[in-house]
Each structure stands twice: as C-alpha cells, then as structure tokens.
Amino acid sequence: MSRYTVAVVRYEKPLESVRKAVELSDGLAKLPAGAKVFIKPNIVFWTKAVAFPKWGVITTSRTIEDMVVLLKERGIDDITIGEGIVTGDPKDKETPAHAFATLGYDNLKKRYGVRAVNVMERPFEKVDLGDGITLGFNTDILHSDFVIDIPVMKAHNQTMVSLGIKNLKGVIDIPSRKKCHSADPKRDLNFMVARLADRLPPIFTLIDGIYTNERGPAFDGRMHRSNLLVASADFLSADLVGAAILGHAPETVPHLVHAAANHGRPVDLSDITVKGTPIAEVARRHEFDFEYARAEDGSWMPAPLAKQGVEGVSYRKYDLSMCTYCSGINGLILTAIRYAWQGKPFDGVEVLTGKSMKPTPGMNKTILLGKCMYQANKDHPDIKEMIAVKGCPPKADDVVKAFHKAGIPVDKSMFDNMDQLPAFFMARYQDKPEFDEAFFQVA
C-alpha cells in the first residue's frame, strides 16, 4: 500500500492552483497552530546590473505570495522567507537586498507582516548529519516549527536535477557549501546533498514548475513554460516525482538514490500515490548535461569549441568537486576562449578546475583555476609551466592575467562587465508572451 502522497497540479490561476496543490497533497496537515514558519525559495543568482531570464532560475514571487496567503488563512503570523544568495563577494549585502526588494518581498512584509532574511547575515549552527558529516545551517530554519520549501523545477548540470532537497543547500554556510563539493569520490556532492533535509523541522515541498529549466541551474539554461506544481508533505517523494516529470528515472539520479537508501525507501515510486495529473501526461525530458568532445589535437573541450576548430587548449569537463564559486566564472572563461580563437593553435595550454583533476603530461602550460586546484597540484611533477589563479573565488583580473600569460588573449572587457552577461540570454525570450516578468512581482 502507498504510504506517501504527491500532488501534481497544472498551474492555471493565481492562488487557486497553489491551494489545489496544498489540498490534494494534504501538505499542511502537520502545520502546528501558531507555528513559526520558514519559507525557502530558490534565488540561485542575482545581478543589479541588468534584467535577466528569471524564468526557471528563481522561484516565482506569485507562488511565494500565494503560499503566504494560505498560511495567513490558517492564522500563521510568524513567517520568514530566507535565502543565501551566492555573490562574488561573500560580504555583499546590497545584492541580496536588491533581489528581495525587486522580487516584491518588501511588499509582502508590508502587506502580510512576513520578514525576509539573507541567511548570510544570520547566525549558523553546526548540525551532525551522521557518518561524521557536520554542516553549518542557518538558525532561523533550524528553530522554525515548519518549513515550506519552494524550489524551481530544474535540471542541474552537476546533480542532474535540482528540486526540494538540493534547494536546501541555500541555507548552509559557505564553508559547508564548499565541503559539499568534496574531492572524495565516496562522499561527493550527491552523497552530501542527500542529507540536507534530514535534521530540519517538518517540510512541505512545493516545487514551482510554472517555468522549468533545462541544463540549469542558472540563466544560461533553456527555459520552458511548463505550468506545473508538485507538492508533498514528504520531501523525498516530492523530489522523486519531480525527477520523473523532468524525464529522469529517479533511480538514475545519484543524490535521490542516496536519500532513498538513507530513509529505507524504494526509489521507483512504488510507495507513492500521485493525485491530480498523472506523471505520464506532463513528463518532458529536460537534459542536464553539457556535451564535451575531443578536438582534432586530442584535447577535451565543450563541443561548441571543438566544432569551431579551437586547438591547442584542453579544458576538461567540470566535475562534482567544482563549487559554485568557481562555476560562476567557468562559463564566462569558455566563452572568452571561444572569442579569443583566431584560427591559430594555442600553445598546449591545459585548464584544470575543481579539486580532483590532475595535469596531463606533455602540456606546455597548466592553468590552475582557484585555490583548491592550486593546493592540489602546486607541486605536481607533470606541470612544465604553472600559471596559478589562487583566489577563492578566483578574481576576474587574475583570470585574465593568467590566460594572457598562457597566450590566450581573452577580452578583459568581458570580465569587467560580467554583470552584463545575463542580458545576452534574454534575447531568447523576447517577444514571447508566455515568459512574463509579472510572475516575479508583487503588485
């Protein structure tokens, strides 16, 4: 007999659709009277410089407000919205404040009395997750009575999918986030993420699939208007169904396999009842991976660069050990290399990222990108000429200098204007009425 319930609801109308998802899943059945509630949205990226495609990247403000209204109807007055936005400077308080204001959270405060907190400005507490794993969690979520987790439904280039469990990475501190990207193949990112929900208060997961993201988690993914909500009072069940809707059998998603094993659960949906719309009617394959290929000279690089004919530089595919702070600049570097190519092979340059990669014998120059890569390989005997970018996160100016030293003339202006890059991706969605900015506003 099925033990868990998941609601799959087509998004049709403000408030009514979220209400239907809550009611079908009985998601607030364990909400205590007078509870202190913590709402966790997904704000994976923000810039003050330009508008960017928030669809499929950030939880819709529409869904957040609808959830707040339902809580207020139940007499809940102590409501906190909390998120730990990744910024280039961990001390940056202005960018999160700008995000909260632009997304309408200040209006929610005025209208409903909620508060919005940047968890990076709040205290953290160490939590033992078992197997010797200790991570620092935000105190606000730890000391709430009830958590409402509202992630975006997206495929993810490292964890295959990013749903409710993965969304909770936003409430751990920076050292813990880096620890999650371990070089230990047995305790890798998937192993760590699988435990993030285990010591938190009761969680109701409402996956926001109004817009979904292919090859996420950020603005360079491919967005879709999917009009879906997935809801469950059981965080693992919500994610298992969410993965299936994204076209990935749950048993192929490593962190969900870990989580199911940790909880003594099957991973095949056999103990789950789906109410509302059947999975088969809404499932759509969302690719998560970026294709890498060998160039003619035998080096590895993203397929578009190999197709372009770029030679003389090897840029191996990122692995699970590359954390958010290096991945934030990784895509820009690849774009800069592409534009720096002028038809003449570069001088045998290898770029290494993350914590696990080792140099390839015979390369003339080796760029070690980031503090972790430098520490791992600074004394490696296979490096002929080491060019190190030691920062954590790497500084844009240091990256430019490193590539220039390696003979790859990346355009410095691209790095000086990093905050402008997201605007480039907006062109995909211009004049398409289904991509509506109003979903990220509180009128």
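The values are calculated or read from the model by the stated rules, or taken from the named source; none is laboratory data. Everything numeric here is computed off the predicted structure, so don't read it as measured data. Reconstructed Cβ throughout: ideal geometry from the backbone, glycine too, with neighbour counts over all protein chains shown. Calculation scope for accessible area: heavy atoms of the full protein, side chains included, ligands and nucleic acids excluded. Shrake-Rupley method; radii C 1.70, N 1.55, O 1.52, S 1.80 Å.
Any chance segment 288-304 includes a residue that's over 20 Å from MET192 (Cβ atoms), part of a helix (DSSP H, G or I) and modelled with pLDDT under 95? Scanning segment 288-304, I find at least one residue that is over 20 Å from MET192 (Cβ atoms), part of a helix (DSSP H, G or I) and modelled with pLDDT under 95, so the answer is yes. Using the structure shown, decide if ILE81 is β-branched (Val, Ile, Thr) and buried (at least 22 other Cβ atoms within 10 Å of the Cβ). Considered against the rule, which asks whether it is β-branched (Val, Ile, Thr) and buried (at least 22 other Cβ atoms within 10 Å of the Cβ), ILE81 comes out as yes.
Across segment 18-27, the number of residues qualifying as touching a helix residue (DSSP H, G or I) at 6+ places or on another chain (Cβ under 8 Å) and surrounded by fewer than 20 Cβ atoms within 10 Å (Cβ to Cβ) comes to 1.
Residues checked against (1) crowded, with 17+ Cβ neighbours inside 10 Å; (2) among the hydroxyl-bearing types (Ser, Thr, Tyr); (3) in contact (Cβ under 8 Å) with a residue 60 or more places away in the chain:
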site	(1), (2), (3)
LEU352	yes, no, no
SER356	yes, yes, yes
PRO361	no, no, no
THR366	yes, yes, no
LYS371	yes, no, no
ASN377	yes, no, no
PRO381	no, no, no
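Screening the candidates VAL68, VAL86 for the property of being under 20 Å from the mean Cα position of the chain (by Cα) and aliphatic (A, V, I, L, M) yields one hit, VAL86.
Scanning segment 140-155 for residues that are open to solvent by 20 Å² or more (accessible area, probe 1.4 Å) and not charged (D, E, K, R) gives LEU142, HIS143.
Against the condition among the acidic types (Asp, Glu), surrounded by fewer than 21 Cβ atoms within 10 Å (Cβ to Cβ) and at pLDDT 95 or above, how does ASP131 come out, does it pass? So ASP131 does not fit the description; no. For segment 312-329, the candidate set comprises residues that are part of a helix (DSSP H, G or I) and buried (at least 19 other Cβ atoms within 10 Å of the Cβ); within that set, the residue that is nearest to the chain's Cα centre (by Cα) is THR324.
The residues in segment 162-190 that are in contact with a His (Cβ under 6 Å, 6 or more places away or on another chain) and surrounded by 21 or more Cβ atoms within 10 Å (Cβ to Cβ) can be counted, and the count is 2. When segment 339-350 is filtered for residues that are open to solvent by 10 Å² or more (accessible area, probe 1.4 Å) and among the hydrophobic types (A, V, I, L, M, F, W, C), the ones remaining, listed by number, are TRP341, PHE346. The residues in segment 160-179 that are of a type outside the set (Gly, Ala, Ser), under 23 Å from HIS248 (Cα atoms) and assigned to a helix (DSSP H, G or I) can be counted, and the count is 5. Just one residue in the set LYS54, LYS109, LYS126 is crowded, with 21+ Cβ neighbours inside 10 Å and among the basic types (Lys, Arg); that residue is LYS54.
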